[in-house]
Amino acid sequence: MKTAKITRKGQITIPVEFRKKLGTDLVEIEMQEEKVIIKPVKKIGGIFHRYALKDKPIEEILKMEKEAVNNAFREKHSNR
């Protein structure tokens with residue numbers, strides 16, 4: 001069992017060996033009585049099924065999101 005400190009912002013660091021086993025950087029978090037359960041989300045349809053792009057893996061969705069943010073940033077700052 002590992003111990004993690006909760007920061008003032010409510011953040012914890014998941015030990016690297018656990019992160020590697022998760023195989024994703026997107027997780028579901030739920031409470032079961034006194035326990036916090038963290039489960040990996042392998043497909044976007046899991047927790048974001050309303051917003052899911054059908055038949056696209058989470059990695060592709062996250063890449064698209066990153067590109068959209070970068071493009072928006074470039075557009076905003078290229079007008080200066």
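The values are calculated or read from the model by the stated rules, or taken from the named source; none is laboratory data. Small disclaimer: the values here were computed from a predicted structure and weren't measured. Using ideal geometry, Cβ is built from the backbone for each residue, glycine included, and neighbour counts are taken over all protein chains shown.
List every residue pair whose Cβ atoms sit under 8 Å apart, with the two residues 6 or more apart in sequence or on different chains, where the first one lies in segment 10-25 and is over 17 Å from ILE58 (Cβ atoms) and the second, anywhere, is in a loop (DSSP other than H, G, I, E, B).
Listed pairs, sorted by first residue: ILE12/ALA4; ILE12/LYS5; ILE12/ILE6; THR13/ALA4; ILE14/ALA4; PRO15/LYS2; PRO15/ALA4; PHE18/LYS2.
Considering only residues of segment 54-71 that are under 15 Å from LYS42 (Cβ atoms) and among the hydrophobic types (A, V, I, L, M, F, W, C), which is farthest from the chain's Cα centre (by Cα)?
Looking at residues that are under 15 Å from LYS42 (Cβ atoms) and among the hydrophobic types (A, V, I, L, M, F, W, C), I get ILE61.
Which of (1) assigned to a helix (DSSP H, G or I); (2) surrounded by 10 or more Cβ atoms within 10 Å (Cβ to Cβ); (3) among the basic types (Lys, Arg); (4) at pLDDT below 85 does LYS76 not meet, given it meets every other one?
Against the list (1) assigned to a helix (DSSP H, G or I); (2) surrounded by 10 or more Cβ atoms within 10 Å (Cβ to Cβ); (3) among the basic types (Lys, Arg); (4) at pLDDT below 85, LYS76 comes up short only on (2).
Which residue pairs have Cβ atoms closer than 6 Å, lie 6 or more positions apart in sequence or on different chains, and pair a first residue in segment 26-51 that is modelled with pLDDT of 90 or more with a second residue that is of a type in the set (Phe, Trp, Tyr) and surrounded by 13 or more Cβ atoms within 10 Å (Cβ to Cβ)?
Qualifying pairs under 6 Å: none.
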